[in-house]
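The values are calculated or read from the model by the stated rules, or taken from the named source; none is laboratory data. Please read all numbers here as calculations on a predicted model, not as lab measurements. Here the Cβ positions follow ideal geometry from the backbone for every residue, glycine too, while neighbour counts run over all protein chains shown.
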Amino acid sequence: MSFDVLPDVLVSSIVLASTYALVALGWVFIFRATGILNFATGQFLVLGAYFFFWTSIQLELPFWLALPIALLMIAALGALVYLGTLRPLAGQPMFSPIMVTLGLSIIMTSAMTIIWGAQSRVLTPPMDNNTYQLPGDAVITTFGIITIAVALMVYGALMSFLRLSKRGIQMRATAENPLLASQRGINVDVIFVIAFAVAVSAAALAGLSYSFSNILAPSAVALGLRGLAPALIGGMDSIGGALIGSVVVAFIETAAVTQWGGDIKDMAAFLVLLVALAVRPYGLFGTPEIRRV
């Protein structure tokens, strides 16, 4: 890769990392709170974008109203999914909730295809997607700037919530030891419901960002699985690690695509995942699991 294109690669990597960071947050926040790998993350991601498509285009609501309604809908669905399908499995072996989320992913993909069809949709952007020239011949679009800003705001708000609010402190305590937290009077089910609602809302924001820049179709659920790579690299119980992992994966993926073309995109992301997990199985910032025999 030539150094002449390095500035553009860096800018593109930051934009892609912002999208990955929101997807990775959808994985990490649920796993950190409940220990569940939600393999329906990609489906929640796309369904949130479809909810926005329904509110903004089919119901013709203004953007400032359609967006919060869509996010509230996906958050409520995430909470209902936990209460209706995963809460009854409390205390069961880990493969049980994983199989449930895999089944949910299939059901949700089929439902989206039945309701909105398999064809690609175009979301009406709330503003012109202008292109801006940066130093070093790098370019960035309006949507790229918004994606970076949204990711930073979500992470900043979430970090502040976890550190400063009473419910956030309870959530951190539950993540450390759910049994002890419940014995101390914390309603663990409420914490888990909040975790699911927040996680699927973050994933939905990533789906909106992707759909504005590309297309909206059920096939976009693949972005959810690609977001698992930065989550695993950063550490499945580390919110900050998800952000760092997203930067690592996005840079390597963008550099590989620039050098060898788009066909290597998926391979590059998961190749760096395999290397990282071989060196540090619990991720860069994850907590090692110690088992005594």
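Against the condition touching a Pro at 6+ places or on another chain (Cβ under 8 Å) and touching a residue at least 24 places away in the same chain (Cβ under 8 Å), how does residue 138 come out, does it pass?
yes
Run residue 26 past the list (1) out of contact with any strand residue (DSSP E or B) (no Cβ under 8 Å at 6 or more places or on another chain); (2) buried (at least 16 other Cβ atoms within 10 Å of the Cβ); (3) farther than 21 Å from residue 235 by Cβ and report the number of the one that doesn't hold.
So the condition that residue 26 fails would be (3).
Which number in (1) crowded, with 20+ Cβ neighbours inside 10 Å; (2) closer than 19 Å to residue 147 by Cα; (3) under 17 Å from the mean Cα position of the chain (by Cα) marks the one condition that residue 240 misses?
Among (1) crowded, with 20+ Cβ neighbours inside 10 Å; (2) closer than 19 Å to residue 147 by Cα; (3) under 17 Å from the mean Cα position of the chain (by Cα), the lone unmet condition for residue 240 is (1).
If you check 241, 286, which single one turns out to be at negative phi, in contact (Cβ under 8 Å) with a residue 24 or more places away in the chain and assigned to a helix (DSSP H, G or I)?
Going through 241, 286 in turn, the sole match is 241.
Kindly list, by first and then second residue, each pair from a residue in region 152-175 that is closer than 18 Å to residue 237 by Cβ to a residue that is among the charged types (D, E, K, R) and assigned to a helix (DSSP H, G or I), limited to pairs with Cβ atoms under 8 Å and residues at least 6 apart or on different chains.
Short answer, once both residue conditions are applied: 161/167; 162/172; 169/163; 175/32.
Hey, among the residues in region 30-53 that are among the polar types (S, T, N, Q) and closer than 23 Å to residue 175 by Cβ, which one's surrounded by the most Cβ atoms within 10 Å (Cβ to Cβ)?
38
Just one of 249, 293 is modelled with pLDDT of 85 or more and of a type outside the set (Asp, Glu); which is it? Working first, answer last.
Values: 293 fails: modelled with pLDDT of 85 or more.
Going through 249, 293 in turn, the sole match is 249.
Looking at region 252-280 only, could you name the residues that are touching a residue at least 24 places away in the same chain (Cβ under 8 Å) and within 21 Å of residue 11 (Cα to Cα)?
253, 254, 255, 258, 259, 266, 269, 272
Identify the single condition in (1) within 18 Å of the chain's Cα centre (by Cα); (2) more than 23 Å from residue 146 (Cβ to Cβ); (3) buried (at least 20 other Cβ atoms within 10 Å of the Cβ) that residue 270 does not satisfy, given that it satisfies every other one.
Among (1) within 18 Å of the chain's Cα centre (by Cα); (2) more than 23 Å from residue 146 (Cβ to Cβ); (3) buried (at least 20 other Cβ atoms within 10 Å of the Cβ), the lone unmet condition for residue 270 is (3).
Just one of the numbered conditions (1) of a type in the set (A, V, I, L, M); (2) within 22 Å of residue 225 (Cβ to Cβ); (3) surrounded by fewer than 16 Cβ atoms within 10 Å (Cβ to Cβ) is not true of residue 75; which one?
(3)
Regarding residue 270, is this residue aromatic (Phe, Trp, Tyr), touching a helix residue (DSSP H, G or I) at 6+ places or on another chain (Cβ under 7 Å) and either under 23 Å from residue 5 (Cα atoms) or not in a loop (DSSP other than H, G, I, E, B) (or both)? Even if it seems obvious, please write down each step before you answer.
Details: aromatic (Phe, Trp, Tyr): yes; touching a helix residue (DSSP H, G or I) at 6+ places or on another chain (Cβ under 7 Å): yes; either under 23 Å from residue 5 (Cα atoms) or not in a loop (DSSP other than H, G, I, E, B) (or both): yes.
Against the criterion (aromatic (Phe, Trp, Tyr), touching a helix residue (DSSP H, G or I) at 6+ places or on another chain (Cβ under 7 Å) and either under 23 Å from residue 5 (Cα atoms) or not in a loop (DSSP other than H, G, I, E, B) (or both)), residue 270 qualifies.
Yes/no matrix, rows are residues, columns are (1) touching a Gly at 6+ places or on another chain (Cβ under 9 Å); (2) farther than 17 Å from residue 205 by Cβ; (3) charged (D, E, K, R):
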{"site": "27", "(1), (2), (3)": "yes, no, no"}
{"site": "43", "(1), (2), (3)": "yes, no, no"}
{"site": "72", "(1), (2), (3)": "no, no, no"}
{"site": "88", "(1), (2), (3)": "no, yes, no"}
